[in-house]
Structure formats: C-alpha cells, structure tokens
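The values are calculated or read from the model by the stated rules, or taken from the named source; none is laboratory data. Keep in mind it's a predicted model, so treat the numbers as computed, not measured. Here the Cβ positions follow ideal geometry from the backbone for every residue, glycine too, while neighbour counts run over all protein chains shown.
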C-alpha cells in the first residue's frame, strides 16, 4: 500500500481507551482540536486524573504517522510508530478519535523540515493562517520561495515561514549548549501528563523532544529512556551537561521521573501536575535522595 495514516490536528491526544475521555475533555477530541480551551478549563483535580486514573498515554503532532490496527465506531486503535515503547515493538499504543487522523498518500519525501519555533503557523498560499503547530512538528519539504517553505501536510500543500523551521538532519554533532537553550525556552510551561508539545510536556515527553530536535529518537517513557545510551556513575563529579537523570519514588520501584543535568548541580525537568517546567538545584530538593540512574545519550 502507498498510503499511511497521520495526525491531522495540531496535537492529538492518545487515550488509553475510547471510554475514558470525560465531558470536560470534549475540546481535545474535536477537529480542529481546541487545545487552549481544553487545557484552560481543566481544574487541578481533572488534570491530575489524566495520570492517576490512567486516561492518557501520549500525544501526536501534526503530520506524525501512526499504524491503525482497527477502527471501532468513531475511534481508531493506533500505534505511534515514531515513539519507541516496551508496550509494543512497533511504537506507542492507544486510541485516537478517527476524525483527528487522515489517510494520506505516501510519495517518499527526500527531505523534511522540523519546526524549531515554540509554535508556528502553517499558512495557505495567500499567507492566511491555517493551523498553529508545535515545536518539533515534522513535515515533508517541497521547496522554498523567498522567506517561505512549501510543505506537504495532511491537508495538502501549505507554507510555513523559513525562520520557524530547519531542514532535518540525521543524528550527528550535538551542541549541548544549544540543547539546553532549546529546553530553557519551555521554562514555566505547565506540566501535562502525556504531553508532547509546546502546549504542555510531561517529564519524559520533554526529554524525548529535546533529543528529537537533534535527530535522536529516545523511547517515549522514562523507564525505557533509562536503558539507552551509556551508564554514568551516580557520583555528581562524573556528570556532564545533557546527561539524563532518573528517579524513583520508592526503593526497588521502577523509574518514575527523568530530568536533564544542566551543570553546577542543577536539573531541567517537567516536574508534576500543578507545576511547570523548571530548572532546580538538586541538593535543595527531595530528588537528591530519589536518584537511581544517570545515562549519557551522546558522547
């Protein structure tokens, strides 16, 4: 087959089951999705329930491919093939409203662009705004005209400002300084369980996306990320900026949190519901005693 399913909204939330969305979650199920409305109306308790009640798995960005295993009514059982997971050998599984997916022809693009801006507008040829997309959205490159890039989208050919994107490259030379600078642009962004976009990240979603920006595809979850790269000593003297720091709540429990070491005893991370992306001094927090692993993705 020369077709594939892709995400057809700015950000599609991948749910655990079609029955778990609540009335308050309806804006997140729409086409087009209403992210600001959804997140703006969620109370702390309703946000917390996304994780505590296991409602959300992950999210998809505009144009991101999925494998559709089956369609049940208005829902599609999918696998997010760009998000490695031990839950499925092909990627991250879950359910997405069928209306938020599109079946597109696959031509086999030779080049892609990645959104480097915090958020960016995909535009019509006339310059009219069509859809606002997140940092790290990836779309096939179709050419450039002046200061605009032509891209192929689930809704046909569109345009995006060249200043908002970069031509994609394979994993290669990494500037840790630039990596940390990219991460710091999300400081004060509210935490969102399952979040994978500039509308909200969870801890592993933030790490996944920072390394995705440099061509490294980490697993989606913290426990899986804790198995990649090179193991580093728990002795802080051995750490380097960019190292991933892993934590667990109880002794002998599985990894439950991840952050990035930025140097000088500090960590960048997306902490938990009700808080925002922050840079903290490890010694001044309970994380210091919960540290269980350090990994170096790039060396």
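For the stretch 102-115, which positions are over 21 Å from residue 28 (Cα atoms) and assigned to a strand (DSSP E or B)? Passing the criteria: 104, 105, 112, 113, 114, 115. May I ask you to say which residue of 274, 265, 242 is crowded, with 20+ Cβ neighbours inside 10 Å, at pLDDT 95 or above and on the phi > 0 side of the Ramachandran plot? Going through 274, 265, 242 in turn, the sole match is 242. Count of the stretch 67-101 residues, restricted to those that are in a strand (DSSP E or B) and either touching a helix residue (DSSP H, G or I) at 6+ places or on another chain (Cβ under 8 Å) or buried (at least 17 other Cβ atoms within 10 Å of the Cβ) (or both), is 15.
The requirement of being assigned to a loop (DSSP other than H, G, I, E, B), over 26 Å from residue 52 (Cβ atoms) and in contact with a helix residue (DSSP H, G or I) (Cβ under 8 Å, 6 or more places away or on another chain) is not satisfied by residue 271. Only one of the numbered conditions (1) more than 23 Å from residue 243 (Cβ to Cβ); (2) out of contact with any helix residue (DSSP H, G or I) (no Cβ under 7 Å at 6 or more places or on another chain); (3) at pLDDT 95 or above is not met by residue 208, and that is (1). Apart from one condition, residue 126 fits all of (1) on the phi < 0 side of the Ramachandran plot; (2) in a strand (DSSP E or B); (3) not assigned by TED's automatic domain parsing to the domain that holds residue 26; the exception is (2).
Rundown of residues vs (1) outside any loop (DSSP other than H, G, I, E, B); (2) at pLDDT 95 or above; (3) in contact with a helix residue (DSSP H, G or I) (Cβ under 9 Å, 6 or more places away or on another chain), yes/no style:
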| position | (1), (2), (3) |
| --- | --- |
| 170 | no, no, no |
| 173 | no, no, no |
| 194 | no, yes, yes |
| 214 | no, no, yes |
| 223 | yes, yes, yes |
| 227 | no, yes, no |
| 234 | no, yes, no |
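Residues in the stretch 65-86 that are closer than 16 Å to residue 15 by Cβ, within 17 Å of the chain's Cα centre (by Cα) and touching a residue at least 40 places away in the same chain (Cβ under 8 Å): 66, 78, 80, 83, 85.
Okay, residues lined up against (1) touching a strand residue (DSSP E or B) at 6+ places or on another chain (Cβ under 7 Å); (2) in the same structural domain as residue 260 (by TED's automatic domain parsing); (3) part of a strand (DSSP E or B):
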position: 133; (1), (2), (3): yes, no, yes
position: 181; (1), (2), (3): no, yes, no
position: 204; (1), (2), (3): yes, yes, no
position: 219; (1), (2), (3): yes, yes, no
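Looking only at the stretch 141-164, how many residues end up being within 15 Å of residue 8 (Cα to Cα), in a strand (DSSP E or B) and touching a residue at least 40 places away in the same chain (Cβ under 8 Å)? Qualifying residue count, the stretch 141-164: 2.
No other residue among 148, 161, 152 is in contact with a strand residue (DSSP E or B) (Cβ under 7 Å, 6 or more places away or on another chain) and within 27 Å of residue 218 (Cα to Cα) apart from 152.
Here is the figure for the stretch 12-46: residues that are in contact with a helix residue (DSSP H, G or I) (Cβ under 6 Å, 6 or more places away or on another chain) and part of a strand (DSSP E or B) total 2.
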